[in-house]
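The values are calculated or read from the model by the stated rules, or taken from the named source; none is laboratory data. All values reported here derive from a predicted model rather than from experimental measurement. FYI the Cβ positions are ideal-geometry reconstructions off the backbone, even for glycines, and counts take in every protein chain you see. Quick note on the areas: whole protein, heavy atoms, side chains included, nothing else; ligands and nucleic acids left out. Shrake-Rupley method; radii C 1.70, N 1.55, O 1.52, S 1.80 Å.
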Amino acid sequence: MENRLTIYNTLDRKKELFVPLHSPFVGMYVCGPTVYGDAHLGHARPAITFDILFRTLKYLGYKVRYVRNITDVGHLENDADSGEDKIAKKARLERLEPMEVVQYYMNRYHKTMELLNVLPPSIEPQASGHIIEQIEFIKRILDNGWAYVSNGSVYFDVEKYNEQYNYGKLSGRNIDELLETTRELDGQEEKKNSFDFALWKKASPEHIMRWPSPWSDGFPGWHMECSAMGTKYLGEQFDIHGGGMDLLFPHHECEIAQSVGATGKECVRYWMHNNMITINGKKMGKSLGNFITLDEFFTGSHPMLTQAYSPMTIRFFILQAHYRSTVDFSNEALMASEKGLERLMEGYARLLKLQPGADANNNLTEEIQRLEVKCEEALLDDLNTPIVISYLFEAVKTINSIADGKATISAADLQALKDMFKLFVEDLMGLQTQSEATGGNYEAYKKAIDLLLEMRLQAKANKDWTTSDNIRNQLTEFGFQIKDTKDGFEWNL
RNA sequence: GGUUCCUUGGCCGAGUGGCUAGGCACCGGUCUGCAAAACCGUCUACGGCGGUUCGAAUCCGCCAGGAACCUCCA
């Protein structure tokens with residue numbers, strides 16, 4: 001296996017050639033959602049970013065096991081180590097069983113991801129289904145002396161750990177700073193130091209989600225699930241761990257400490273972090289309450305939205321920025337993406353209908369090869385999807401000029417161009433054509449529209465403008481867009 | 001306050017020492033029964049000040065503005 005992918009590793013803050021631990025196998029873990037509400041635009045970023053990585057790794061021939069967890073326990077409402085479990089709170093408010101809340105939002109999350117054409121991960125473990133593994137993991141850390149029990153809870157001893165290892169190596173922090181800057185929180189008296197984090201938390205009497213353990217009836221700390229489940233499914237050391245930049249500290253830092261504490265080894269070779277989506281320059285997030293859910297985007301049902309945006313528009317919008325840059329939401333930007341995507345996909349549709357012509361004396365063969373190489377280079381250069389897209393637009397220009405009769409294309413070149421679009425647009429960028437997005441009954445429906453437009457063409461030939469405009473206006477009203485071409489018509493919904 | 005990062009044309013957004021990315025919008029033209037699309041053309045920017053260099057949007061310093069993290073967050 002030839003290693004050709006370069007990725008930016010947060011650990012040393014530079015791009016590195018990706019070399020798997022056990023080629024051709026690649027283990028990849030990404031922090032998934034906490035299922036206590038609908039997914040918002042921010043959640044689409046890591047899902048799509050690491051979907052591109054998943055697709056790229058498979059394209060390169062690796063055998064990828066992609067684990068993306070569902071957090072359904074252990075996330076606390078207010079303070080790090082006290083307060084009410086988010087799932088339990090929601091359950092109390094809606095008078096539901098906690099697992100009912102989890103199932104409901106998990107189903108909705110899956111539906112949304114499917115609409116965004118995000119491939120399902122290989123394994124999607126739930127934290128609540130891995131309590132035993134988490135308890136065993138905590139035991140190992142305790143046995144190795146990196147944690148202590150206090151009043152039924154177990155805390156990681158950061159100061160002791162830091163004497164031998166480096167707590168803060170991922171986030172670039174050091175514990176002296178942390179001592180000065182960590183806020184005083186409730187329940188801190190149980191801990192030796194304010195920066196110690198909970199591995200296991202004793203449940204207060206009103207806490208519903210609880211499990212027995214050697215230390216107390218309680219629940220695992222938030223950072224525990226990823227360590228335990230990552231280790232279970234990918235081994236003590238695996239290749240890639242991804243997630244949002246906001247998880248860098250403390251979550252991922254704690255994961256490193258936990259795995260070193262339990263196994264003596266660092267769990268992850270390459271840490272990857274996607275940047276945030278902002279709204280009015282501020283991070284879109286649950287806590288700020290400034291989020292717009294993906295469903296709201298799809299239906300346009302949010303006061304800040306001037307229209308609905310299709311799942312593919314959202315996907316394209318995200319892919320038009322590099323994953324390590326912030327990207328600012330605005331209707332203007334989204335509308336520009338919508339138009340751009342339309343241009344790209346119409347170009348693709350035209351390409352599929354193109355007829356080969358004389359092998360003209362143009363340099364199409366070299367041009368197509370060049371674009372293909374450039375697209376691949378950009379993708380393998382730390383997933384530079386905006387550059388991939390820019391080359392695809394160059395190809396669209398070529399397609400349009402052929403469709404316009406300004407150039408001809410040989411059968412071999414046409415096939416090469418079709419293969420290139422199939423590979424980059426569909427397989428790697430995961431942008432769906434209309435027939436895919438609309439599903440099975442598309443063919444019959446397509447024929448019906450075609451028939452109508454054939455009739456309009458007849459009317460036009462007879463200079464019956466009333467009939468032809470009538471058909472066009474009616475279809476437009478139903479949401480279709482009709483375009484006349486040199487020798488016929490094009491349409492889309 | 002600490003740490004890290006960012007500032008590109010009307011808007012979005014790549015690039016990171018020399019070779020006008022790309023998309024959207026605008027304007028002009030070709031085509032067209034009309035409209036749309038397509039095609040051709042126009043607009044050509046890198047927060048400010050200094051430094052390094054033959055050459056800087058790209059490297060260094062200072063200043064200004066903004067963000068993320070330091071508390072749950074994708």
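Quick look at the numbers
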read-out	value
Test: residue A:168 is more than 25 Å from residue A:69 (Cβ to Cβ) and in a loop (DSSP other than H, G, I, E, B)	no
Residue A:139 in contact (Cβ under 8 Å) with a residue 12 or more places away in the chain and open to solvent by 40 Å² or more (accessible area, probe 1.4 Å)	yes
Test for residue A:417: is it more than 8 Å from RNA strand B (Cβ to nearest atom), crowded, with 18+ Cβ neighbours inside 10 Å and either of a type in the set (Lys, Arg) or modelled with pLDDT of 95 or more (or both)	no
Scan of region A:187-232 for residues that are part of a loop (DSSP other than H, G, I, E, B) and among the hydroxyl-bearing types (Ser, Thr, Tyr), ordered by number	A:194, A:204, A:213, A:216
Residue match in region A:12-25 (condition: assigned to a strand (DSSP E or B), at pLDDT 95 or above and under 23 Å from residue A:289 (Cα atoms))	no
Tabulated pairs, region A:371-383, first touching a residue at least 40 places away in the same chain (Cβ under 8 Å), second part of a strand (DSSP E or B) and basic (Lys, Arg), C-beta under 6 angstrom, 6+ apart or interchain	A:382/A:15
Check on residue A:53, in a helix (DSSP H, G or I), buried (at least 21 other Cβ atoms within 10 Å of the Cβ), away from RNA strand B (no atom under 16 Å from the Cβ) and modelled with pLDDT of 95 or more	no
Which listed residue, of A:231, A:278, is open to solvent by 10 Å² or more (accessible area, probe 1.4 Å), in contact with an Asp or Glu (Cβ under 7 Å, 6 or more places away or on another chain) and not hydrophobic (A, V, I, L, M, F, W, C)	A:278
Pairs with Cβ under 7 Å, 6+ apart, first in region A:329-340 and touching a residue at least 12 places away in the same chain (Cβ under 8 Å), second within 7 Å of RNA strand B (Cβ to nearest atom) and not in a helix (DSSP H, G or I)	A:329/A:277; A:329/A:278; A:329/A:284; A:337/A:320
Residue within region A:457-475 that is within 14 Å of RNA strand B (Cβ to nearest atom), part of a helix (DSSP H, G or I) and closer than 21 Å to residue A:312 by Cα present	no
Of all residues making up region A:255-305, the number that are modelled with pLDDT of 90 or more, more than 8 Å from RNA strand B (Cβ to nearest atom) and assigned to a loop (DSSP other than H, G, I, E, B)	12
Cβ pairs under 8 Å, 6+ apart, first in region A:442-455 and in a helix (DSSP H, G or I), second surrounded by 13 or more Cβ atoms within 10 Å (Cβ to Cβ) and of a type in the set (Gly, Ala, Ser)	A:442/A:435; A:443/A:435; A:446/A:435
In region A:1-42, residue surrounded by the fewest Cβ atoms within 10 Å (Cβ to Cβ) [restricted to those that are hydroxyl-bearing (Ser, Thr, Tyr) and within 19 Å of residue A:234 (Cα to Cα)]	A:23
Restricting region A:63-82 to residues that are assigned to a loop (DSSP other than H, G, I, E, B) and open to solvent by less than 10 Å² (accessible area, probe 1.4 Å), the residue that is modelled with the highest pLDDT	A:69
Residue satisfying condition, being of a type in the set (A, V, I, L, M, F, W, C), open to solvent by 30 Å² or more (accessible area, probe 1.4 Å) and farther than 30 Å from residue A:296 by Cβ, within set A:158, A:149	A:149
Residue within region A:115-127 that is within 16 Å of RNA strand B (Cβ to nearest atom), surrounded by 14 or more Cβ atoms within 10 Å (Cβ to Cβ) and hydroxyl-bearing (Ser, Thr, Tyr) present	no
